[in-house]
Structure formats: C-alpha cells, structure tokens
Amino acid sequence: MSLLKSLTSRLPGTRISRRSNVSSTRLQHQNATNELPDLDKLLVIPVSNEPHEEQLRSYYFNQGQFLARQERWEDLSKLVNLEDASRRTSGGGMPVSELLCQGARSDVVALAEHLLIDGDPEENKPLSDAISALETILGENREDHVIATVVAMAHLDIAWAWRGTHAACDTPARNIEAFDLHCTRARQVLDPFCGIELDSPLVTAARCALLVGNPSANARVADDYEDLIDLAPLQQRHIRALGHHMLPQWFGSYAALELEARRTAARTQDIWGAGAYTWTFFDALLVDPACASVLDVPFFLEGLRDILERSKDQHNANLFASFAAVSIPNAARLCADDLAASGALDQIQKAAQWIMSEHLHELHPLIWGHAMEGFDNQARIASIDALFKQGREKANQVFMRFFGEQMQKGNALIFTPQGLYVQQA
C-alpha cells in the first residue's frame, strides 16, 4: 500500500458534505378551509435521482481518485492532458480535466477537512505526512505540470479548510497564517509553468484561483481571467469565477465587475450570445447582492435566454430556475434597503416563472437543494439524501407559488420538452 493511500485510508469514509444539522424545509401548513392540491396527481414532471451531470462528475472524480490511490501518476497525467487539450466539460460546464485532478487530491483534502472540522488540528501529523507524500510525488515529476497542478490545488484546498468563508476579522490569526502559508506554497509549485505557453486552461485556471493568496493580484486579475476565458470560452465556470473575483471584497469594484461582464460578453458573443454577461454576475449576485445596483437587468435576462436556448440538457434549466426562485430571494433579504439592487433582484425572481414554463421538463432536486445554500460549495450539509429531500420540498413550494392557482382548480400541470401544458380538470 502506498504511503499516501495508507495515510488516508483511516478516514471514516468519503465525505460528501460537512454540515452537522440541516433543518428540512417544510411545505407551508395547509389552510384549514383550503386543502393543498395533490401534487402527486396534478404535477407531472419526471424527477431525476441522479442526473447525467452528477453521474459524469462522479465518474471522472472517482477515476482521478483511483489512479492516485494506485500511484499511476503517469496514466493520470496523460489522461488529464488529453482532456485539457480537448476542453471537454460536463453539461454544467465543469472541465473534465479539473474533475480528474479533484479526485486525485481528494484523499489528502478530505483528511485535512476531517482534522480541522471534526478532529484536533493540533494532532496534524497524518496530514503533514500526507502532504509530504504529495510533495515527494511532485519531486519525482518536476517537469509535469499536471502533477504540479494537483499538488498546488491540494495546498489551496487545505488553505481554504483553514481559512473558512468567514470574514478575516472573524478568523483566528493562526488560521489566516496557515491559509497564507499554503497559498504561498501553491504559488511556488506552479511558478515554473505558464498555462498560456502550455495551452492549458487547467494550469491557467489554477493560477487564477491562486490570486486570492496574492497581495499584488489587483492589477492583473482582469487580464489573467481574460487569458483564461479566451483559452476555454465554453467553460463557463471560469466566467463565473471572474465575476466573483471582481467584487470589492476581492480585487475589483461594482463598476469593474459590470465592465468585465460586458467585455467578456462581447468577446464570447459567437458562443454565448449575451450569456457571458449573465454568467459573470451569477455567483457575484449571491455573494454580494448589492452589486445588483449596477446590473443591466434586460441584458442579464437576454443572456439568460441565450444560455437556456444553447443548453443541451436540463442542468441549466434547473440551475437558473432555482437560482431565480430560491437563491435570489434569499440574497435579496441582505440588501432590502437598497432600492436599486432590490428592484433588479425582484425582476430576476419573476423570471423563474417563464424559465419553468418554457424550459423545465425534468426536476433535479439536488440542484434545488444546492440553491438553498446559495450554490456555496463550502456549505456543510448532512448527506446527499438530505439535500435531495430538501431540494424536492423547496421545488414543490415554488411550483405552488407560481402555478398553485391552476392546481387549486384541479388542473394538471404537465411539463414537457415543448413547454408547460395545462390539462383542464
């Protein structure tokens, strides 16, 4: 058994999530004189327990994890290079090369999270040994940019495990110090490699992710992301990351965010139409809802339509329906006193009805559950089953909000690929 595998084999199991308590959202109590309609009979829409997107992500994540556990680093590197060169993504825009690398470093990252969240970070020898094992692998493959990316991103993931998502003033000093140390080491690992010269979105994206630990990043963040997006314009994950990093809490301002959204939309018009404007604001609106004060709402909604018209499966239909109906209302509460931002967010909320009526014909409850957390990948949840149940219940609430009047009359709602069909009672 390899050192890396032996160190991580003591983990209690694959950690899908890390929340200790989730309160399932319940449907509103029925009025004593007005019973809720029977959704099982009147709401006709297939429910996917495991959408193709989740299957694909799991497959490549597990493949990367397997190759790392077997110490087949050369095979991993060849496969990642192939996928990186092809720019292949999941339907949800996740690069396959990144999924493989996530799996390859997942055991070490899970060990770090286990020790920092559930264990005693003072007793960190197993983690130190696991990191040393990765560094040894790096030393044996110094010219391999794939292995360097795996190691660098492992350091960054561990840095975020120390840092958390709280404001710096609410984070213990030693955690900030550990965050800075791991970010510094990650930059050192990637410094010999230029993603542009390698024609590698994987390396370029990793270097952009590491801007968060670089105190001099403000002057270069827009240019770095422009290079990345030009390398892989179909990978919307990078456009979303640009928007997040252009917020004032990182490297930009609301004005800079809006400008970069327009610039990115102009450069990618042949691919996304106006969609890149929408992707740039997607995460930014949830992280800092006040940025809606500078949002060009008609342009945002035009981009939303362009994205949905170009989508080949139901992932984006569920993503944007739950974004508009669940995540945006939650975010809007944080800026209720800002009339400009609130007005813009209210218009996005209203879009949920036409998204569902025109584009939704298969329900993906996991996406709706994730929407309740603001699509925060750091959110801690009890289990996939809990997230599925939570998402299904929230989606039912939304169906009732927008279409309850029809169902109260006994009319059945049939969601089809051609749009919503109302079958009269």
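Brief remarks follow.
- When the stretch 231-243 is filtered for residues that are open to solvent by less than 30 Å² (accessible area, probe 1.4 Å), in contact (Cβ under 8 Å) with a residue 40 or more places away in the chain and under 28 Å from I176 (Cα atoms), the ones remaining, listed by number, are I239, G243.
- Matching residues, the stretch 38-47, being of a type outside the set (A, V, I, L, M, F, W, C) and assigned to a helix (DSSP H, G or I): D40, K41
- Filter result for A324 (surrounded by 24 or more Cβ atoms within 10 Å (Cβ to Cβ), within 25 Å of D227 (Cβ to Cβ) and touching a residue at least 12 places away in the same chain (Cβ under 8 Å)): no
- Pairs are defined by a Cβ separation below 9 Å, a sequence spacing of at least 6 or placement on different chains, a first member in the stretch 104-125 that is more than 24 Å from L76 (Cα to Cα), and a second member that is among the aromatic types (F, W, Y) and modelled with pLDDT of 75 or more; the pairs so defined are L116/W162; P121/W162.
- Restricting the stretch 288-304 to residues that are surrounded by fewer than 18 Cβ atoms within 10 Å (Cβ to Cβ) and touching a residue at least 12 places away in the same chain (Cβ under 8 Å), the residue that is nearest to E258 (Cα to Cα): D296
- Among residues of the stretch 245-300, those that are within 20 Å of A332 (Cβ to Cβ), part of a helix (DSSP H, G or I) and among the polar types (S, T, N, Q), counted: 3
- For the stretch 408-425, the set of residues classified as surrounded by 12 or more Cβ atoms within 10 Å (Cβ to Cβ), touching a residue at least 24 places away in the same chain (Cβ under 8 Å) and either at positive phi or part of a loop (DSSP other than H, G, I, E, B) (or both) consists of G410, N411, G419, listed by residue number.
- Options L202, L228, L210, L127: the member that is farther than 28 Å from Y277 by Cα and crowded, with 20+ Cβ neighbours inside 10 Å: L127
- Boolean, L116 is more than 29 Å from I307 (Cα to Cα), part of a helix (DSSP H, G or I), in contact with a Leu (Cβ under 9 Å, 6 or more places away or on another chain) and open to solvent by 20 Å² or more (accessible area, probe 1.4 Å): yes
- Criterion applied to E393, E405 was being assigned to a helix (DSSP H, G or I) and open to solvent by 60 Å² or more (accessible area, probe 1.4 Å), and the one residue passing it is E405.
- Matching residues in the stretch 305-320 - criterion: being under 22 Å from F403 (Cα atoms) and without any contact (Cβ under 8 Å) to a residue 40 or more places away in the chain: R305, F320
- Within the stretch 372-385, tally of residues that are open to solvent by less than 40 Å² (accessible area, probe 1.4 Å) and out of contact with any Ser or Thr (no Cβ under 7 Å at 6 or more places or on another chain): 1
- Some residue of the stretch 190-198 being of a type in the set (F, W, Y) and open to solvent by 30 Å² or more (accessible area, probe 1.4 Å): no
- Subset tally (residues that are part of a helix (DSSP H, G or I) and open to solvent by less than 10 Å² (accessible area, probe 1.4 Å)) for the stretch 85-103: 6
- Only one of G374, G343, G404, G391 that is of a type in the set (G, A, S) and in contact with a Gly (Cβ under 7 Å, 6 or more places away or on another chain): G391
- Taking the stretch 48-79 as the range and being open to solvent by 60 Å² or more (accessible area, probe 1.4 Å) and outside any helix (DSSP H, G or I) as the test, the residues that pass are N49, E50, Q70, E71, R72.
- Spans of helices (runs of 4 or more DSSP H) in the stretch 146-211 with at least 3 residues more than 25 Å from G64 (Cα to Cα): 173-190
- Residue within the stretch 125-145 that is in contact with a Ser or Thr (Cβ under 6 Å, 6 or more places away or on another chain), modelled with pLDDT of 85 or more and within 24 Å of S200 (Cα to Cα) present: yes
- For the stretch 351-371, a tally of residues being open to solvent by 30 Å² or more (accessible area, probe 1.4 Å), over 12 Å from Q314 (Cβ atoms) and in contact with a helix residue (DSSP H, G or I) (Cβ under 6 Å, 6 or more places away or on another chain) returns 1.
- Within the stretch 249-270, the residues that satisfy the criterion of being open to solvent by 50 Å² or more (accessible area, probe 1.4 Å), at pLDDT 95 or above and of a type outside the set (F, W, Y) are A255, L259, R262, R263, A266, R267, Q269, D270.
- Hits in the stretch 137-164 - residues which are within 22 Å of E177 (Cα to Cα) and open to solvent by 10 Å² or more (accessible area, probe 1.4 Å): M153, H155, D157, W160, A161, W162, R163, G164
- Within the set G391, G404, the sole residue that is touching a residue at least 12 places away in the same chain (Cβ under 8 Å) and out of contact with any strand residue (DSSP E or B) (no Cβ under 9 Å at 6 or more places or on another chain) turns out to be G404.
The values are calculated or read from the model by the stated rules, or taken from the named source; none is laboratory data. Keep in mind it's a predicted model, so treat the numbers as computed, not measured. Quick reminder, even Gly has a Cβ in these numbers, built from the backbone with ideal geometry, and neighbours come from all protein chains shown. For the accessible areas, the whole protein counts, side chains as well, though only heavy atoms, and no ligand, DNA or RNA atoms are used. Shrake-Rupley method; radii C 1.70, N 1.55, O 1.52, S 1.80 Å.
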